[in-house]
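Novice: Dropping the structure in here first, questions after.
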Ligand code: CP3
């Protein structure tokens, strides 16, 4: 069984399992390392990238590793740095507020500015026995951080710019999309086996604006990667709302939020796309028998599906008990064949 088989919808064993943010703060070994280094320091050092990416594989035996980094690291190729502040999340100084601010961005060679990521990937490929996922943020989501200057609940500044000055907003998205393509091609040359694109803020957009300001750029990225033959997984918060448009881009897989019934999505979307998801991250804070029941419900619902990857609808919460993750992985691994 390999996640790469599931991504081609040809897996006839148990489904593969991995979790978004599997290399993160719920792991005591991550917190111990993090006590000695800042998050950014860890993202910049190939040895630490390797060590942290391996942590959840070594502890739980997940079927895929995801590169330890962040979707905002790409801003360094655009001449910006991000800081991560305790309790506040990412902070970007001098956020962009209108199209004339776009000129303050640089368009540097990703190999030069983000070469440490490629070095981490090369190291990881020597050590890993499971496939490695690379990633980037969707241009719309990355743009929202550049404009808001950090996390925001309503994306007010981003959406106001989008409605007021769509041409300028497209220029910004275009710049980020190009850098993202270069960045993903670098990750692929360094050795990642598949790519996931995170569009965390897609669900802030109305349906039509999602098509114009997010989907169009996801399409560009997916098409640019097509010649590499590497599978692409699209994750949007709100994937179930936009599923038909996402399928039209012909990615290898769509990763779903927990608001939809995955078996129903399978009926709706046909059999030649892999489906990933879609447990609620809060489920992992429930009593173990509840976790067991819900994981088995999902496994039953997707039984026999050769393109199913079991995961969460969003990132694992820092407060998740280790026993919950063990229970989840045990339930999946107890299935010999689908
Ligand atoms: O999934 C993985 O284990 C791989 C690494 C990874 C991280 N962030 C590590 C991280 C990935 C794929 C991401 C993606 C990411 N980063 C997204 C998209 C996915 C999503 O969750 O919606 C977004 C929106 C970000 C931006 C970001 N990074 C925020 C908002 C925050 C602060 C909030 C938080 O969860 O702490 C981060 C920090 C971050 N990224 C941490 C980790 C392990 C915590 C850093 C720490 O140790 O303090």
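The values are calculated or read from the model by the stated rules, or taken from the named source; none is laboratory data. Everything numeric in this text was worked out from a predicted model, so none of it was measured. Cβ sites come from the backbone with ideal geometry, for glycine too, and all protein chains shown count toward neighbours.
Novice: Checking the condition over 17 Å from the mean Cα position of the chain (by Cα) and either more than 20 Å from residue 199 (Cα to Cα) or surrounded by fewer than 16 Cβ atoms within 10 Å (Cβ to Cβ) (or both), which residue from 158, 153 passes?
Specialist: Values: 158 fails: either more than 20 Å from residue 199 (Cα to Cα) or surrounded by fewer than 16 Cβ atoms within 10 Å (Cβ to Cβ) (or both).
Answer to the selection: 153.
Novice: Residues that are at pLDDT 95 or above and under 18 Å from the mean Cα position of the chain (by Cα): which helices (runs of 4 or more DSSP H) entirely in segment 1-83 hold 2 or more of them?
Specialist: Correct list: 3-7, 39-44, 46-60.
Novice: Filter segment 236-250 for residues that are touching a residue at least 40 places away in the same chain (Cβ under 8 Å) and surrounded by 21 or more Cβ atoms within 10 Å (Cβ to Cβ); which is farthest from the ligand (Cβ to nearest atom)?
Specialist: Applying the filter and picking the extreme gives 242.
Novice: Of 199, 219, which residue is within 14 Å of the ligand (Cβ to nearest atom) and surrounded by 17 or more Cβ atoms within 10 Å (Cβ to Cβ)? Break it down into steps so the answer makes sense when it comes.
Specialist: Values: 219 fails: within 14 Å of the ligand (Cβ to nearest atom).
From the options 199, 219, the qualifying one is 199.
Novice: Only residues that are over 23 Å from residue 204 (Cβ atoms) and surrounded by fewer than 22 Cβ atoms within 10 Å (Cβ to Cβ): list them for segment 263-277, please.
Specialist: 263, 264, 266, 267, 268, 269, 270, 271, 272, 273
Novice: To continue, here is another question. What are the residue pairs meeting all of these: first residue in segment 309-338, first residue within 28 Å of residue 272 (Cα to Cα) and without any contact (Cβ under 8 Å) to a residue 24 or more places away in the chain, second residue assigned to a helix (DSSP H, G or I) and more than 12 Å from the ligand (Cβ to nearest atom), Cβ atoms under 7 Å, and 6 or more apart or on different chains?
Specialist: none
Novice: From 179, 138, 156, which residue is within 13 Å of the ligand (Cβ to nearest atom) and at pLDDT 95 or above? Walk me through how you get there before you give the answer.
Specialist: Working: 179 fails: within 13 Å of the ligand (Cβ to nearest atom); 156 fails: within 13 Å of the ligand (Cβ to nearest atom).
Going through 179, 138, 156 in turn, just one is within 13 Å of the ligand (Cβ to nearest atom) and at pLDDT 95 or above: 138.
Novice: Name the residues in segment 99-117 that are part of a helix (DSSP H, G or I) and away from the ligand (no atom under 16 Å from the Cβ), would you?
Specialist: Filtering segment 99-117 for residues part of a helix (DSSP H, G or I) gives 99-104, 110-113, 115-117.
99, 100, 101, 102, 103, 104, 110, 111, 112, 113, 115 - these are the residues of segment 99-117 that are part of a helix (DSSP H, G or I) and away from the ligand (no atom under 16 Å from the Cβ).
Novice: Moving on. Kindly check whether there is at least one residue in segment 282-297 that is within 23 Å of the chain's Cα centre (by Cα), within 19 Å of residue 194 (Cβ to Cβ), surrounded by 14 or more Cβ atoms within 10 Å (Cβ to Cβ) and in contact (Cβ under 8 Å) with a residue 12 or more places away in the chain.
Specialist: No - not one qualifying residue is present in segment 282-297.
Novice: If you don't mind, there's one more thing I want to ask. Can you find, within segment 64-91, the residue that is farthest from the ligand (Cβ to nearest atom) among those that are surrounded by fewer than 19 Cβ atoms within 10 Å (Cβ to Cβ) and under 18 Å from residue 179 (Cα atoms)?
Specialist: 79
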